[in-house]
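Chemist: Starting off with a structure, shown below.
Please treat every number below as a calculation from the coordinates, not as lab data. Note that the coordinates shown come from a computational prediction; the quantities given were computed from them, not determined experimentally. Glycine gets a Cβ as well: all are built from the backbone with ideal geometry, and neighbour counts include every protein chain shown.
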Amino acid sequence: MPKPLTDQEKRKQISVRGLAGVENVSDLKTNFNRHLHFTLVKDRNVATKRDYYFALANTVRDHLVGRWIRTQQHYYEKDPKRVYYLSLEFYMGRTLQNTMVNLALENACDEATYQLGLDMEELQDIEEDAGLGNGGLGRLAACFLDSMASLGLAAYGYGIRYEFGIFNQKIVNGWQVEEADDWLRYGNPWEKARPEYMRPVHFYGRVEHTPEGVKWVDTQVVLALPYDTPVPGYRNNVVNTMRLWSAKAPCDFNLKDFNVGGYIQAVLDRNLAENISRVLYPNDNFFEGKELRLKQEYFVVAATLQDIVRRFKSSKFGSTEVVRVDLSTLPDKVAIQLNDTHPAMAIPELMRILLDTEHQTWEKAWDIVTRTCAYTNHTVLPEALERWPIDLFQNLLPRHLEIIFEINRRHLERIANLYPGDHDRLRRMSLVEEGDQKKINMAHLCIVGSHAVNGVARIHSDIIKATLFKDFYEVDPHKFQNKTNGITPRRWLVMCNPGLAEVIAERIGEDYIRDLDQLKNLLEFVDDDSLIRDIAKIKQENKLKFSAYLEEHYKVKINPNSMFDVQVKRIHEYKRQLLNCLHIITLYNRIKKEPNKNWTPRTIMIGGKAAPGYHTAKLIIRLITAIGDIVNHDEVVGDRLKVIFLENYKVTLAEKIIPASDLSEQISTAGTEASGTGNMKFMLNGALTIGTMDGANVEMAEEAGEENLFIFGMRVDDVDAMDKSGYDAMEYYNRIPELKQAMDQIAGGYFSPDQHDLFKDIVNMLLHHDRFKVFADYEAYIKCQDKVSALYKNPKEWTKMVIHNIAGCGKFSSDRTISQYAREIWGMEPSLERIPPPTSAFTSGYSTKKINVNLRNGLKTRNLPYN
Ligand SMILES: *Cc1c(COP(=O)(O)O)cnc(C)c1O
């Protein structure tokens, strides 16, 4: 058998087909050496691997700079509508390879590093993930940035530059242990600090109502220091900006108030202010009402809105014409998209600016706000919905609380007029929830303050209209939309699976990378033996590569000919890793019972982080590792069943495991997973899906044909009916012998011989208070898994099904998602056109003559016009 091509060699092939541009390898080498010398201040005698990584990163970064400046100038000249994507999370992962892919530099850099005696993949592995997110919501924001740039939209991502991103997960004695993610320790070559654009953010204080207007006084000030990261589009010369704010104490922090002798303490206390951007809250789909989190949410909003208003007012047209003296045309030029309710404070903050600084009337201000803002809902789980105690607000943001009360007063007045006497409806729709302590319902605030509200998959959008936001849908049906999530095919195919990207390009050309619908052209080849062979071969290579990775980094040996059955996502009861566990135990028991039967060998891999305070999720991890300890050491089972917990699941690990997967587990209780995006990544990388009719799985089945997915279990209607009739877990337990056996083993210490009651909380939950009805889907799941095993025995039919899936992936490009946001919410038009490249590395093609003449004539250039 010929030696399989390395990824490096594959990329070379791709470049032959024009997937990578031709760059001057010797220039790259020169610049690499220049950076090693001048930037890293090293020679090759003392340079470390990390020095080489930084030299390469800086060399690649140089290619962004001209395009970045040029793009911002272009926006200033053209003054298009801008979209601001506000998010508390941007789960970016690594940047080096993504930049090379989008700039078509990968092949040339590969060659240059090779000629320098270095291995590019090894250098890439030195880069830390930018782990500024928890899971799907944060990764969506990152995919959207790539698509917005690739579609030429004048877009900005705004968020927080957490000093510590999502924790690193270690598994110690089978338990999750958290370690701080010190991702900035060695410096971040992709960011540029902009201290000259620092902005003040106010907290606490009190409100004065004076004849001249409302004043928010005696506040504490924290400075917001912006760091810009370039966001290149796919081969279109566009480079947008992601601006992340870092908290900085002002120089006079704590020194103003007669603080005699308190100088040292005051300097030490600067930490208090700077803690705002210290760490990402590690909760996925869970609301924790901590003051520091509310500070983070207001911090990003307040700094960002100052930026938005300043950029709007300092537009080229705004200063010469009368157009921009007030903010009445803001909605024509600015769209603000709220990624969940986390940045909901944008609504009262923009009201505050319009009322208290711009002195607009309430009606005018409210019209501007609602036409500018739009809100994306990401979950229906009640424990995830943000409800902030009023006391917290009163203390931290007293003026905003007043504004929210007034928004609510007018909102309820309108509802009362529409439904006279319907007091229960007023209670349900209020922004203020009564109870032991009053709370602000942030989702209600977002709906009222936005012109568009969207769910993230069709089934989810239908559910929020029918249940969570029913009352709001009744009064404002026109606001409610669907925008099914997507993923960027650049990172999630070209970058992570170059072999597959190339096999596809050989059949249908390479335009599908910008226009993923073209994947349907693969259907023409679904019976073509050569394509079937190529797709199967790439999968096998990816599996071998991942096996080697596991062996090297985690010292575990797996059978690369077994089915790779993978569930990677945050650990959460609703995602039902426990259902997967019950299947594993069932398989194990079956193999033990009939060891000589022709079992389909499986390597079942589960990975994901548990929120540090989520006891059940942490225990689920312990159960998975415990099952692995028993199953993996059972001589009878051998390599027909292995259970691996994948430590520290993150974007970079996703890029390694997904291309190597055969089976994708998407098994949430119907109605609980808003969309899922992991499901789409697997589908695009040639894994088959076993899943419920939940989230985007529904649309995946529609696009690929339901016969090409393994769909099982209750539909949303069945779940609703069961909620009414009552879910009786014991009934399933008593009726299904294999289920009873598995549960008895967990409960009886079969998997925890040293501590028989270790899993009692899980057992008790599953038997007596399981909100997610694991047992109700057990039988259907096991039967469906049997079908999966049977099909896997027929590789040709399996691969044909894979091709149907890949061909049906077009809808799940985030380019499609963003085009719909642009046209249907933001009032913008996406474009695949390229903007002119910079004319030279230094001037970026913009005329500096005019600026110089202006300066000579004593005219000040406008204040920072294009930043
Ligand atoms: C895509 C992605 C997710 C989301 O996965 P779901 O299965 O949709 O929950 C979470 N974490 C990482 C690292 C991802 O890349």
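Chemist: Go through the range 263-340 and name the GluC sites (Glu not before Pro) that are in a DSSP coil and have 16 or fewer other Cβ atoms within 10 Å of their Cβ.
Modeler: On the way: sites: 274, 288, 291, 297, 321; in loops: 288, 321.
Filter output for the range 263-340: 288, 321.
Chemist: A further question follows. Exactly which trypsin sites (Lys or Arg not before Pro) in the range 127-228 are in a DSSP loop and have at most 14 other Cβ atoms within 10 Å?
Modeler: Answer by residue number: 185.
Chemist: Within the range 575-661, report the GluC sites (Glu not before Pro) that DSSP leaves as loop and that have at most 11 other Cβ atoms within 10 Å.
Modeler: Here the sparse-neighbourhood loop sites are 635.
Chemist: Give me 689, 376, 616 ranked fewest to most by other Cβ atoms within 10 Å of their Cβ, as a rough exposure proxy. Display every interim value, and only then the final one.
Modeler: On the way: 689 23, 376 26, 616 14.
Sorted ascending by nearby Cβ count, the order is 616, 689, 376.
Chemist: I need to check one value: relative contact order of the chain, counting alpha carbon pairs closer than 8 Å and at least 6 residues apart, in percent.
Modeler: Value for the chain: 14 percent.
Chemist: Enumerate the aspartates and glutamates that residue 170 could reach by cross-link, defined here as Cα to Cα under 12 Å, with residues fewer than 8 away along the same chain left out.
Modeler: 178, 179, 181, 647
Chemist: Round to the nearest 0.05 the FRET efficiency obtained for residue 371 and residue 717 when R0 = 30 Å and r is the Cβ-Cβ distance.
Modeler: Calculated transfer efficiency: 0.20.
Chemist: Go through 458-464, 786-792, 680-686, 107-113 and give me the packing order, highest mean Cβ count within 10 Å leading.
Modeler: 680-686, 107-113, 458-464, 786-792
Chemist: When a/c reaches 1.5 or more, the comparison of a/b and b/c decides; with that in mind, is the range 325-419 rounded, prolate or oblate per its Cα gyration tensor?
Modeler: Working: a/c = 1.43, a/b = 1.29, b/c = 1.10.
Rounded.
Chemist: Looking only at the range 386-539, where both bridge partners belong to it, what percent of the DSSP beta bridges are antiparallel (to the nearest 5)?
Modeler: Details: 5 of 8 bridges.
Of the beta bridges lying entirely in the range 386-539, close to 60 percent run antiparallel.
Chemist: Report the number of Lys pairs in the range 536-583 whose alpha-carbons are under 19 Å apart, with separation of 8 or more residues or on distinct chains.
Modeler: 6
Chemist: Specify the inter-centroid distance of the range 812-829 and the range 225-241, based on alpha-carbon positions, in whole Å.
Modeler: The range 812-829 and the range 225-241 have Cα centres separated by 19 Å.
Chemist: With 10 angstrom as the radius, rank 448, 334 by how many other C-beta atoms surround their C-beta, starting from the fewest.
Modeler: The most exposed by this proxy come first: 334, 448.
Chemist: Nearest 5 percent is fine: what portion of the DSSP beta bridges confined to the chain is antiparallel? Kindly include the intermediate steps, with their values, before the conclusion.
Modeler: Values: 35 of 81 bridges.
Just about 45 percent of them are antiparallel.
Chemist: Fewest Cβ neighbours within 10 Å first, please rank 784, 809 accordingly.
Modeler: Neighbour counts put them in this order, fewest first: 784, 809.
Chemist: OK, next. For a test of the definition: using alpha carbon positions, the gyration tensor, and the 1.5 limit on a/c, classify the chain as rounded, prolate or oblate.
Modeler: It is oblate, given that a/c is not under 1.5 and a/b is not larger than b/c.
Chemist: Residue-wise, which Karplus ³J(HN,Hα) couplings in Hz belong to the range 755-770, taking 6.51 cos²θ - 1.76 cosθ + 1.60, θ = phi - 60°, and x for glycine or proline?
Modeler: Per residue, the Karplus-derived 3J(HN,Hα) values read 8, 4, 9, 3, 9, 4, 5, 5, 4, 4, 4, 4, 7, 10, 8, 8 Hz.
Chemist: How do 745-754, 81-90 rank on mean C-beta neighbours within 10 Å, highest first?
Modeler: 81-90, 745-754
Chemist: Additional query: Label the range 151-295 by shape, choosing from rounded, prolate and oblate, from the square roots a ≥ b ≥ c of the eigenvalues of the Cα gyration tensor; if a/c is under 1.5 it is rounded, and otherwise prolate applies when a/b is larger than b/c, oblate when it is not.
Modeler: In terms of gyration-tensor shape, oblate.
Chemist: With a point put 7 Å past each Cα toward its Cβ, work out how far residue 428 is from residue 114 in nm, to one decimal.
Modeler: In this crude label model, residue 428 to residue 114 measures out at 6.5 nm.
Chemist: Rounded to the nearest 0.05, what FRET efficiency is calculated for residue 182 and residue 527 with R0 set to 60 Å and r the Cβ-Cβ distance?
Modeler: According to the calculation, E is roughly 0.70.
Chemist: Any chance you could run the full-extension gain for residue 326 through residue 391? It's 0.36 nm times the residue separation minus the Cα-Cα distance, nm to one decimal.
Modeler: Full-extension gain reported as 20.0 nm.
Chemist: Please list 826-836, 507-517 highest first by mean number of surrounding beta-carbon atoms within 10 Å per residue. Each step should come with its number before you reach the end.
Modeler: On the way: 826-836: 15.4, 507-517: 17.0.
Ranked by mean Cβ neighbours within 10 Å, highest first: 507-517, 826-836.
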